[in-house]
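The values are calculated or read from the model by the stated rules, or taken from the named source; none is laboratory data. Keep in mind it's a predicted model, so treat the numbers as computed, not measured. Here the Cβ is made from the backbone with ideal geometry for all residues, glycine too, and neighbour counts use every protein chain on show.
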Amino acid sequence: MELFANLAHGFAVALSPINLLMCLIGALVGTLVGVLPGIGTIATVAMLLPITFGLPPVGALIMLAGIYYGAQYGGSTTSILVNIPGEATSVVTALDGHQMARQGRAGPALAIAAIGSFFAGCVATVLIAVLGAPLTKLALAFGPAEYFSLMVLGLIFAVVLAKGSVLKAIAMIVFGLLLSMVGSDIETGASRMAFNIPELADGLGFATVAMGVFGFAEIIRNLDAGAEMSRDLVQQKITGLMPTRKDLTDSAPAIVRGTILGSILGILPGGGAVIASFAAYTLEKKIAKDPSRFGRGAIEGVASPESANNAAAQTSFIPLLTLGIPPNAVMALMVGAMTIHGIVPGPQVMVKQPDLVWGMIASMWIGNLMLIIINLPLVGIWVRLLRVPYRLMFPSIVIFCAIGIYSVNNAPVDVVLAGAFGLIGYWLIKHDFEPAPLLLGMVLGPLMEENLRRALLISRGDWSVFLSRPLSAVLLAIAAGLLVLAVLPTLRAKRDEVFVESEG
Amino acid sequence: MSDTPSEAPVKSILPKWVRGPQDFVGGLVMMAVALFALWASSDLQGMHGFSFGAGTAPRMFAVLLLLLGGAVALMGLLNDGPHIAAYSWRGPLFVSAAIVFFAVSIRPLGLVVTAFASFMIAALGSEETKWLETTIVGACLTLGCALLFPYVLGLPMPMFPRFLVQ
């Protein structure tokens, strides 16, 4: 019953005119960004952080959340219509979605993607509401050792599921951890690796690094390929949005499977929407009676990954709200947003800030409803946006990013640092290092150090504490198991296969 | 001078026995980063008793990165791997120049001048830029930013060059 009372409270907060407006703006901006290729969710949230400074905390977070799940929607639209995934999460949607569009079934593909996302959004919203309270209680049983082990597990997850070499992914995580050490030591206040540069005394800003390796590096890389990307636009008019009865019966089970898979992967730290959509697509292909249909316009290939990425995008709020651990880079930026408004994410938030938590949860459902209503009629506008040539778009993105970073601290040095990280990111891409684990390492670094220190202080320097506490031991055992699985040749081959297919 | 990376693979300066230059160099650079971090954190206090000093965690991570970088380099040495992809100079140069110009001039010159000039510098990063079109879009964008950030969003930001305002 408490659940309903909480949800009712949340809806009361989310339905206030100002919050509704924030939700709408967030969802629209998110869709816009999702549609535009070459600028990812992380860079957008980082870029738009300053915009939310002047807003009340609840409104600010509702808007940021809207941007996040809105981008999942927008990404699917361009995947289907133009075969350019606007977001990494929609890469697999392009495989069958675009084929459907070529067969003149763009309407049903878009509709199924929207319906699937909406269904997944509804389920995920309920899931957050249901799991929130018990997980918060669990969080209270967590000591520093458990927190540390959980974060290790999250990082290992990120490694196992990252693309390419396991070794390089771990190296990137450690590089991120190392970067997070720059600045003042939390306990002693000693300045670490800051070289007496006053701007580094507080550490490298997370938004700065994110904007560098995801914003600037991406632009520079795109310029390599020539600014004019080929755009295989589906020219025919989109008619008949409604899917047929057969489409619906075919895709309903796929939507349910995608939602379940996505919800689970979203909760796990290190997981996230990208992995969820890949995993869902692979699952559909595995269990299909006729796998050869995939890649030729199978509606399940659209329904399942789209449901999965949306479910994961939302359930990834669970570890943030209950444990205070950001499971991915976007959530880390949300932590930044919360901190700016003086809210410390963690188990206390649920109790101390019910307006914020339940309002945000309720707004996600409302936001999903808004998206399904506004998105289908707006498809034409989004497609027209794609005709804006990249040669005009990239300088604009550079300027927006620069203004965004500058306004976080009003510090010109931050802009230069972001530029430097852009070049570092470009180098990393050239050497096939994934930047995402780096960012996750950077986010979790300070939390890991703090909990490691505390755990060892409590155990009086005894490292076995991580294995003698049952919960911590279980988490570490899972992490070790995953790592072993990841390096086993058979699984690796399969894993690579998934990624190769998706790139084809 | 061409800056398209699709040219024939660059002649490798590395000896023949390096079978995967991309990973080999990547690993070496990671090791260099780790060594630099070890040097940079060498003045910090280490463990005292069983409690961490300020330098413990950085050094721990640096050693870990050193080992991992070494492993990546070793893999690059022993396994066949891709060559180092060619870098282009134009995009990175002008985008960086635009960013640095922005950082240097936002305070003294204000948003209007800075945003427009940075836009034009960044636009140099592509060969396909058409100047008339770029100028118009740049002007519109500058106007939009000048209205959006200080007025709509209320972010404190200098608008015009300091010497004009005074």
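The table below lists the values:
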item: A:Ala139 more than 30 Å from B:Met30 (Cβ to Cβ), away from chain B (no Cβ under 14 Å) and buried (at least 24 other Cβ atoms within 10 Å of the Cβ); result: no
item: Selection count where residues are without any contact (Cβ under 8 Å) to a residue 60 or more places away in the chain and within 26 Å of A:Leu320 (Cα to Cα), scope segment A:444-472; result: 4
item: Among the residues listed as A:Gly266, A:Gly183, the single one being modelled with pLDDT under 85 and surrounded by fewer than 22 Cβ atoms within 10 Å (Cβ to Cβ); result: A:Gly183
item: Tally, over segment B:132-166, of residues that are more than 8 Å from chain A (Cβ to nearest Cβ), modelled with pLDDT under 85 and not in a loop (DSSP other than H, G, I, E, B); result: 10
item: Conditions (1) surrounded by 12 or more Cβ atoms within 10 Å (Cβ to Cβ); (2) at pLDDT 55 or above: number failed by A:Pro470; result: (1)
item: Those residues of segment A:344-372 which are farther than 15 Å from A:Gly26 by Cα and part of a helix (DSSP H, G or I), in sequence order; result: A:Pro347, A:Gln348, A:Val349, A:Met350, A:Val351, A:Lys352, A:Pro354, A:Asp355, A:Leu356, A:Val357, A:Trp358
item: Hits in segment B:1-28 - residues which are in contact with a Ser or Thr (Cβ under 9 Å, 6 or more places away or on another chain), within 9 Å of chain A (Cβ to nearest Cβ) and modelled with pLDDT of 75 or more; result: B:Asp23
item: Of all residues in segment A:107-145 being among the small types (Gly, Ala, Ser), in a helix (DSSP H, G or I) and more than 22 Å from the chain's Cα centre (by Cα), the one that is nearest to A:Leu471 (Cα to Cα); result: A:Ala145
item: Residues of segment A:206-226 that turn out to be within 19 Å of the chain's Cα centre (by Cα) and facing chain B (nearest Cβ under 8 Å), as a count; result: 1
item: Of all residues making up segment A:205-249, the number that are closer than 30 Å to A:Leu179 by Cβ and modelled with pLDDT under 75; result: 1
item: Residue in segment B:70-81 that is crowded, with 18+ Cβ neighbours inside 10 Å and modelled with pLDDT under 80 present; result: yes
item: Tally, over segment A:35-58, of residues that are modelled with pLDDT of 80 or more and either closer than 25 Å to A:His98 by Cβ or in contact with a Leu (Cβ under 8 Å, 6 or more places away or on another chain) (or both); result: 2
item: Residue in segment A:162-170 that is buried (at least 18 other Cβ atoms within 10 Å of the Cβ), over 17 Å from A:Phe433 (Cα atoms), modelled with pLDDT under 80 and over 20 Å from the mean Cα position of the chain (by Cα) present; result: no
item: Any chance B:Leu68 is at the interface with chain A (Cβ under 7 Å from one of its Cβ atoms) and part of a helix (DSSP H, G or I); result: yes
item: Selection status of A:Ile405, more than 8 Å from chain B (Cβ to nearest Cβ), of a type in the set (Val, Ile, Thr) and crowded, with 24+ Cβ neighbours inside 10 Å; result: yes
item: Filtered residues of segment A:423-463 (kept if surrounded by fewer than 24 Cβ atoms within 10 Å (Cβ to Cβ), within 11 Å of chain B (Cβ to nearest Cβ) and not in a helix (DSSP H, G or I)); result: A:His431, A:Asp432, A:Ser459, A:Arg460, A:Gly461, A:Asp462, A:Trp463
item: Any pair with Cβ under 7 angstrom, 6 or more apart, that starts in segment B:69-92 at a residue that is within 19 Å of A:Gly164 (Cβ to Cβ) and ends at one that is surrounded by 16 or more Cβ atoms within 10 Å (Cβ to Cβ) and of a type in the set (Val, Ile, Thr); result: B:Gly76/B:Val18; B:Leu77/B:Val18; B:Ile84/B:Val25
item: Filter pass, A:Gly203 being outside any helix (DSSP H, G or I), more than 9 Å from chain B (Cβ to nearest Cβ) and more than 27 Å from A:Val484 (Cα to Cα); result: yes
item: Whichever residue in segment A:186-229 is under 30 Å from A:Met393 (Cα atoms) and polar (S, T, N, Q) and, among such residues, is surrounded by the most Cβ atoms within 10 Å (Cβ to Cβ); result: A:Thr208
item: Checking B:Phe101 against (1) within 7 Å of chain A (Cβ to nearest Cβ); (2) closer than 25 Å to A:Asp414 by Cβ; (3) part of a helix (DSSP H, G or I); (4) not acidic (Asp, Glu), the condition it does not meet; result: (1)
item: Tabulated pairs, segment A:176-197, first in contact (Cβ under 8 Å) with a residue 24 or more places away in the chain and aliphatic (A, V, I, L, M), second assigned to a loop (DSSP other than H, G, I, E, B) and crowded, with 19+ Cβ neighbours inside 10 Å, C-beta under 6 angstrom, 6+ apart or interchain; result: A:Leu179/A:Leu204
item: Selection count, segment B:71-87, where residues are more than 7 Å from chain A (Cβ to nearest Cβ) and either in a helix (DSSP H, G or I) or acidic (Asp, Glu) (or both); result: 6
item: Segment A:292-323 - residue that is free of Cβ contacts under 8 Å to residues at least 40 places away in the same chain and not hydrophobic (A, V, I, L, M, F, W, C) and, of those, surrounded by the fewest Cβ atoms within 10 Å (Cβ to Cβ); result: A:Ser292
item: Single condition B:Met31 does not satisfy, out of (1) of a type outside the set (Val, Ile, Thr); (2) in contact with a strand residue (DSSP E or B) (Cβ under 7 Å, 6 or more places away or on another chain); (3) more than 7 Å from chain A (Cβ to nearest Cβ); result: (2)
item: Selected residue [more than 27 Å from A:Ala477 (Cα to Cα) and β-branched (Val, Ile, Thr)] from A:Ile170, A:Ile186; result: A:Ile186
item: Segment A:404-414, residues that are farther than 11 Å from A:Ala207 by Cβ and in contact (Cβ under 8 Å) with a residue 24 or more places away in the chain; result: A:Ala411, A:Val413
item: From the options B:Arg90, B:Arg107, residue that is at the interface with chain A (Cβ under 10 Å from one of its Cβ atoms), under 30 Å from B:Pro156 (Cβ atoms) and at pLDDT below 90; result: B:Arg107
item: The lone exception for B:Thr56 - which of (1) more than 7 Å from chain A (Cβ to nearest Cβ); (2) at pLDDT below 80; (3) over 16 Å from B:Trp17 (Cα atoms) it fails; result: (2)
